[in-house]
Amino acid sequence: MMDEGALVRDAQHGDLDSFNRLVLHYQELAYNLALRMLNDEASAEDATQTAFISAYNHLNSFRGGSFKAWVMRMVTNTCYDELRRIKRRPTTPLEPVNDEDDEEIESPYWMADDHNPTPEQAMDRRELESAIQHCLTDLPDDFRAVVIMVDVEGLDYQEVSEAIGKPLGTVKSRLARARMKMRDCLQGYWELLPANFRLKLEERA
């Protein structure tokens, strides 16, 4: 098991090897978040590198807690900066969805993973993955960041709260709204959805 706290302390005292071990541990998570946010491999690589450089330069400002969440905040902010730079915005208007329920929110059905798929199922899965990414790209930036971190990367609500610098209630509200938008968007890809996904869509309609 990696002793994250010890590595962070050593890195703060100038041990570059310790920082590099932290980078190796979190770089895949960081890159996947950036790729989902930016939908471009080169931009995601640049954003990940920029985020880790920023993390290294600001190591002394880290005061404890989840280092993973702290790094994800660096990545998220870097992606926001890039999205603002290229002026990427949703192509269709998005209406807000009221959600006052503060209960735990179950994982969405579109992120379910099939084990041992047939070649045909694997192809359908790739097409569905493309549809999911399209729908993610159409989300507002702050909605997209939350749904990626929770539903794709598996961060818990507290980590996401720290990563975006917002309270838990905001995380849950954004997540519920993002999932609603994803559901509505994926209805446009009805033929790609597995039968059990379609049934759940019909139940929630």
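The values are calculated or read from the model by the stated rules, or taken from the named source; none is laboratory data. Predicted model only: the values in this text are computed from it and were never measured. Every residue, glycine as well, gets a Cβ built from its backbone with ideal geometry; the counts of neighbours run over all protein chains shown.
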Consider residue 11 against the criteria (1) at pLDDT below 95; (2) crowded, with 19+ Cβ neighbours inside 10 Å; (3) within 17 Å of residue 149 (Cα to Cα): it satisfies all of them except one. Which criterion is unmet? (3)
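Scan segment 158-176 for residues that are surrounded by fewer than 17 Cβ atoms within 10 Å (Cβ to Cβ) and more than 19 Å from residue 81 (Cβ to Cβ) and jot them down.
Selection gives 158, 167, 168, 169, 170.
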Kindly evaluate residue 84 against the criterion of being of a type in the set (Lys, Arg) and either surrounded by fewer than 11 Cβ atoms within 10 Å (Cβ to Cβ) or at pLDDT below 55 (or both). no
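Of everything in segment 117-138 that's assigned to a loop (DSSP other than H, G, I, E, B) and more than 17 Å from residue 184 (Cα to Cα), which residue is modelled with the lowest pLDDT? Don't jump to the end; show me each part of the working.
Applying the first criterion (assigned to a loop (DSSP other than H, G, I, E, B)) to segment 117-138 yields 117-118, 138.
If we keep only those that are more than 17 Å from residue 184 (Cα to Cα) too, we end up with 117-118.
Working: 117: 58, 118: 64.
Ranking the candidates gives 117 first.
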Working only within segment 44-74, note down all residues that are among the hydroxyl-bearing types (Ser, Thr, Tyr) and either in contact (Cβ under 8 Å) with a residue 60 or more places away in the chain or surrounded by 18 or more Cβ atoms within 10 Å (Cβ to Cβ) (or both). 48, 50, 66
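Please work out if residue 162 is in contact with a Gly (Cβ under 8 Å, 6 or more places away or on another chain) and either modelled with pLDDT of 80 or more or not basic (Lys, Arg) (or both). First the steps, then the outcome.
On the way: in contact with a Gly (Cβ under 8 Å, 6 or more places away or on another chain): yes; either modelled with pLDDT of 80 or more or not basic (Lys, Arg) (or both): yes.
Criteria met by residue 162.
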Scanning segment 1-59 for residues that are outside any helix (DSSP H, G or I) and not acidic (Asp, Glu), which turns out nearest to residue 81 (Cα to Cα)? 39
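Just the residues that are of a type in the set (D, E, K, R), within 15 Å of residue 147 (Cα to Cα) and modelled with pLDDT under 90, please, taken from segment 180-205.
From segment 180-205, those of a type in the set (D, E, K, R) are 181, 183-184, 191, 198, 200, 202-204; that's our starting set.
With the extra rule that they be within 15 Å of residue 147 (Cα to Cα), the set shrinks to 181, 183-184.
Matches in segment 180-205: 183, 184.
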